[in-house]
Amino acid sequence: MNQSAERGDGETGQNPAPWELFALRYANHSGRTGHDNFMDGDIHEQASDLDYFIWLARRGNESVVIDTGFGPTAAQTRKRTLLCEPAEALRRMHVDPDTVDRVILTHLHYDHAGGLAAFPSACFHLQATEAAYATGPCMCNPGLRAPFDVESVVDYVRVLYAGRVCFHQGDAELSPGLTLHAIPGHTAGLQAVRVLTARGWVVLASDATHLYANMARRSPFPILLDADQVRAGFDRLAALAPSFDHVIPGHDPAVMRAYPAPSAELEGLAVRLDVAPALSWRTLV
């Protein structure tokens with residue numbers, strides 16, 4: 001990884017054009033307690049809902065999809081409210097999943113790596129440690145196995161055998177102005193995605209921090225592999241971003257309040273992350 005990928009100032013030797021960047025909200029889960037969202041949370045206190053997102057980076061004719069979400073079967077099994085199937089959300093953004101050639105999987109949990117078959121032309125970019133984790137001895141542990149969906153993992157194996165997985169060992173540049181950063185803790189091989197936009201580098205944290213408050217309170221979300229690594233990941237996210245307002249948590253409904261919709265027709269479905277937020281993270285925690 002070259003040094004420009006570690007600076008928070010947006011400098012690169014290539015001066016790449018900025019990307020447009022969007023969060024697409026496809027599902028929701030309500031009725032949560034503090035214990036559900038924080039390691040030190042109180043089971044008697046009501047806590048934030050979770051929103052479920054995929055993300056889209058777009059520049060000219062280039063489109064990179066980050067995560068693939070889940071569909072109706074997982075929504076019913078996990079008792080989540082499916083608002084829009086992820087592939088349909090992309091179509092409403094004028095992106096055809098059939099023609100997408102690059103998909104980044106931040107990790108292989110059910111809500112980030114379901115529906116791979118909706119992307120028949122894509123190469124899937126994944127940390128090698130995540131692939132080993134999701135298919136190795138750790139899956140003998142019911143607690144670690146629970147956030148994975150066996151059918152989604154089998155779909156991953158199918159695309160692997162079709163030669164459509166690109167493995168990364170740590171940090172990597174996927175395209176000028178778009179970099180991957182290994183931040184283990186939630187899983188063994190979670191990766192965040194750093195995108196150069198018109199407002200500078202924006203860091204899609206995925207589940208390195210589910211909510212703004214997880215990172216602000218330094219209290220990890222309770223589904224994890226290693227709590228100390230999660231806390232170290234909070235520091236890594238801060239180092240990669242120009243400010244906390246440039247870090248996008250993986251499941252915080254506040255993202256939909258802080259950023260504007262691309263159009264009136266997409267209100268409630270998508271927001272632009274390449275413009276400054278209307279609300280500071282301090283007002284959202």
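Could you please find all residues in segment 100-142 being hydroxyl-bearing (Ser, Thr, Tyr), surrounded by 15 or more Cβ atoms within 10 Å (Cβ to Cβ) and within 22 Å of Glu173 (Cα to Cα)? Thr106, Thr129 - these are the residues of segment 100-142 that are hydroxyl-bearing (Ser, Thr, Tyr), surrounded by 15 or more Cβ atoms within 10 Å (Cβ to Cβ) and within 22 Å of Glu173 (Cα to Cα).
For segment 38-84, filtered to residues that are of a type in the set (S, T, N, Q) and touching a strand residue (DSSP E or B) at 6+ places or on another chain (Cβ under 8 Å), the residue that is surrounded by the most Cβ atoms within 10 Å (Cβ to Cβ) is Thr68. Scan segment 197-231 for residues that are β-branched (Val, Ile, Thr), within 23 Å of Tyr110 (Cα to Cα) and buried (at least 24 other Cβ atoms within 10 Å of the Cβ) and jot them down. Selection gives Val203, Thr209, Val230.
Looking at segment 147-154, is at least one residue among the hydrophobic types (A, V, I, L, M, F, W, C), within 22 Å of Arg58 (Cα to Cα) and surrounded by 15 or more Cβ atoms within 10 Å (Cβ to Cβ)? Checking segment 147-154: not a single residue is among the hydrophobic types (A, V, I, L, M, F, W, C), within 22 Å of Arg58 (Cα to Cα) and surrounded by 15 or more Cβ atoms within 10 Å (Cβ to Cβ).
In segment 44-55, which residue that is assigned to a loop (DSSP other than H, G, I, E, B) and not hydrophobic (A, V, I, L, M, F, W, C) is modelled with the lowest pLDDT? By that ranking, first place goes to His44.
Consider Arg257 carefully, then state whether it is within 17 Å of Asn28 (Cβ to Cβ), of a type in the set (D, E, K, R) and more than 17 Å from the chain's Cα centre (by Cα). Yes; evaluated as a whole, the condition is true for this residue.
Annotation note: Cβ proximity below 8 Å between a residue of segment 231-255 that is in contact (Cβ under 8 Å) with a residue 60 or more places away in the chain and in a strand (DSSP E or B) and a residue that is of a type in the set (Val, Ile, Thr) and surrounded by 16 or more Cβ atoms within 10 Å (Cβ to Cβ) (sequence gap 6+ or interchain) occurs for Ile248/Val202; Ile248/Val203; Ile248/Val255. Among the residues of segment 56-92, the ones that are over 28 Å from Ala198 (Cα atoms) and in a helix (DSSP H, G or I) come to 7 in all. Which residue is nearest to the chain's Cα centre (by Cα), if the candidates are limited to segment 241-254 and must be among the aliphatic types (A, V, I, L, M) and crowded, with 22+ Cβ neighbours inside 10 Å? If we take residues in segment 241-254 being among the aliphatic types (A, V, I, L, M) and crowded, with 22+ Cβ neighbours inside 10 Å, then Ile248 is nearest to the chain's Cα centre (by Cα). Condition (residue is touching a Pro at 6+ places or on another chain (Cβ under 8 Å), surrounded by fewer than 15 Cβ atoms within 10 Å (Cβ to Cβ) and in a loop (DSSP other than H, G, I, E, B)) applied to segment 177-184: is it met by at least one residue? No, because not a single residue in segment 177-184 is touching a Pro at 6+ places or on another chain (Cβ under 8 Å), surrounded by fewer than 15 Cβ atoms within 10 Å (Cβ to Cβ) and in a loop (DSSP other than H, G, I, E, B). Exactly one residue among Ala75, Ala128 is under 20 Å from Asp149 (Cβ atoms) and hydrophobic (A, V, I, L, M, F, W, C), and that residue is Ala75.
The values are calculated or read from the model by the stated rules, or taken from the named source; none is laboratory data. Because the structure is a prediction, the values reported are computed rather than measured. Reconstructed Cβ throughout: ideal geometry from the backbone, glycine too, with neighbour counts over all protein chains shown.
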